[in-house]
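These notes are about the structure you will find just below.
The values are calculated or read from the model by the stated rules, or taken from the named source; none is laboratory data. This is a predicted model, so every value here is computed, not measured. In this analysis, Cβ positions are derived from the backbone assuming ideal geometry, glycine residues included, and neighbour counts consider all displayed protein chains.
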Amino acid sequence: MKGFGDVNEEVAHAARSVARAACLGDAAAGKTADVAAALAAAVDVFVRNDAPPCDHAQDRARGGVIALYAHVASAHFADDASPEREPALKRAMAAFRTLHDGGCYIAAKEIAPFARTLPPVVANAMAAAAKTTALTAADARDRRAAAAGLAGIVAGLASSERAVADMKLVDAVVDALAAKKDPIARAGACALYAHLCRTAGRAFEPFAIDLASKMFIAQGDQSPEVREAADAAQAAVVKALPLTAMKLLAPALVEAMTHKTWQAKCGALTVCGDLASRVPAYFMRNLPEIFPAFLECVFDTHPKVSHCAGRVMRPICSCVKNAEIVGMLDLIIEAIREPQSQTESCLDRLMETTFVNSMDAPSLAGAFYTKTFHPPLGFNI
């Protein structure tokens, strides 16, 4: 099980797949009960010790063990009427308290089969209790565990989309974020959002996009606990959404980059830089929409915002594909950074350039940034 904690996600995923096959394959025929009991004992040790993992590798490894137990137990207690199913599910969910977010993301997905076969009354009751804990528990570990468990239950229900609506999860997140005097509720809302994004999948996808701006803005919250939870939520939505949905994040990024708090601006800029580096072909479609807000951040009076904007400027500007613009990209970046001294030379170079390749919208946004900040130059796009 050492592979469970590997730093490479593909290796860790492969290790978990091999472990599942070994525990339930032909070699384990007739021994499933013993395997389930051994894994249950390991999970019980985690719960008794009640100690968070010391690093990310241990977190992923522990999450893999809990996920393996949930998988094996779900197969072993396959009979829907088995009285062991609910206790097994509760054992796995109790162990979530000993994990960080990364471990919870791994383990929560494996409790979906339990929820799928539980009586609706039982599943709904467990979900309701988890929602309350996620939004009200004083301990961040309890909130995280409840959020992960709730997301796993939602993922396993027959109609996950309807479950999100019936449980009023979106309303609960919005109301908790609006509780200005209750940082626990706001932090819980961010944690719940993060785990629904990563575990509930497509059932929560439309709501993830709608609520993304609120999560980005929560990064500027006065409470450190809320800011930490919002950071996790931001990372979760970027990781969870399919590449084809990245363009739908543009309004949320713009709203965050124009927000009054520097933390929200830096958070949005970091997301932009990450997406521009990882998936430039998809991110470039957002460039015309986000570029004006990005430029405002470049000249922001807060040093951390302007520094962050300068750090992500090259990967963002490098998304353009027009050959002529790429050839003068360094000059354009210098003109953005030092408009007073570099704009004229950049403009002269643009005027001298014969464009033989098609000019798409992202390339126009990069080339003619001067329209927003330097109207006297007279470019009409």
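Some observations on this one:
- Condition check for residue 111 on (1) of a type outside the set (S, T, N, Q); (2) without any contact (Cβ under 8 Å) to a residue 60 or more places away in the chain; (3) over 18 Å from residue 157 (Cβ atoms); (4) part of a helix (DSSP H, G or I): one failure, at (3).
- Residue count for the stretch 215-230, restricted to those that are over 15 Å from residue 183 (Cβ atoms) and charged (D, E, K, R): 0
- Close Cβ contacts (under 8 Å, 6 or more residues apart or on different chains) running from residues in the stretch 273-294 that are small (Gly, Ala, Ser) to residues that are surrounded by fewer than 17 Cβ atoms within 10 Å (Cβ to Cβ) and not in a helix (DSSP H, G or I) comprise 276/318; 293/258.
- Residues (surrounded by fewer than 17 Cβ atoms within 10 Å (Cβ to Cβ), of a type in the set (Lys, Arg) and at pLDDT 85 or above) located in the stretch 107-142: 141
- Scanning the stretch 295-312 for residues that are surrounded by fewer than 21 Cβ atoms within 10 Å (Cβ to Cβ), more than 16 Å from residue 260 (Cα to Cα) and either in contact (Cβ under 8 Å) with a residue 60 or more places away in the chain or not charged (D, E, K, R) (or both) yields 307, 310.
- Any chance residue 223 is at pLDDT 90 or above, surrounded by fewer than 20 Cβ atoms within 10 Å (Cβ to Cβ) and not charged (D, E, K, R): yes
- In the stretch 151-174, the residue that is nearest to residue 211 (Cα to Cα) out of those that are modelled with pLDDT of 90 or more and out of contact with any helix residue (DSSP H, G or I) (no Cβ under 8 Å at 6 or more places or on another chain) is 171.
- One residue alone among 36, 40, 22, 15 is in contact with a Phe, Trp or Tyr (Cβ under 8 Å, 6 or more places away or on another chain) and over 21 Å from residue 94 (Cα atoms), and that residue is 15.
- Just one of the numbered conditions (1) crowded, with 24+ Cβ neighbours inside 10 Å; (2) free of Cβ contacts under 8 Å to residues at least 40 places away in the same chain; (3) hydroxyl-bearing (Ser, Thr, Tyr) is not true of residue 193: (2).
- Candidates 281, 245, 268: the one that is under 15 Å from the mean Cα position of the chain (by Cα) and either at pLDDT below 85 or outside any helix (DSSP H, G or I) (or both) is 245.
- For the stretch 248-264, a residue qualifies if it is part of a helix (DSSP H, G or I) and under 13 Å from residue 218 (Cβ atoms), and the qualifying residues are 252, 255, 256, 263, 264.
- Answer residue from the stretch 314-340, given it is crowded, with 22+ Cβ neighbours inside 10 Å and within 25 Å of the chain's Cα centre (by Cα) and is modelled with the highest pLDDT among those: 316
- Some residue of the stretch 256-270 being without any contact (Cβ under 8 Å) to a residue 40 or more places away in the chain, crowded, with 17+ Cβ neighbours inside 10 Å, among the aliphatic types (A, V, I, L, M) and in contact with a helix residue (DSSP H, G or I) (Cβ under 8 Å, 6 or more places away or on another chain): no
- Test result for residue 194, closer than 25 Å to residue 284 by Cα, among the aliphatic types (A, V, I, L, M) and modelled with pLDDT of 90 or more: no
- Residue ID - surrounded by the most Cβ atoms within 10 Å (Cβ to Cβ), chosen from residues in the stretch 54-106 that are closer than 28 Å to residue 234 by Cα and without any contact (Cβ under 8 Å) to a residue 24 or more places away in the chain: 55
- The helices (runs of 4 or more DSSP H) found wholly in the stretch 122-196 and carrying at least 1 residues that are touching an Asp or Glu at 6+ places or on another chain (Cβ under 9 Å) and aliphatic (A, V, I, L, M) occupy 140-156, 169-177, 183-195.
- Unmet criterion (only one of (1) buried (at least 16 other Cβ atoms within 10 Å of the Cβ); (2) part of a helix (DSSP H, G or I); (3) acidic (Asp, Glu); (4) more than 20 Å from the chain's Cα centre (by Cα)) for residue 348: (1)
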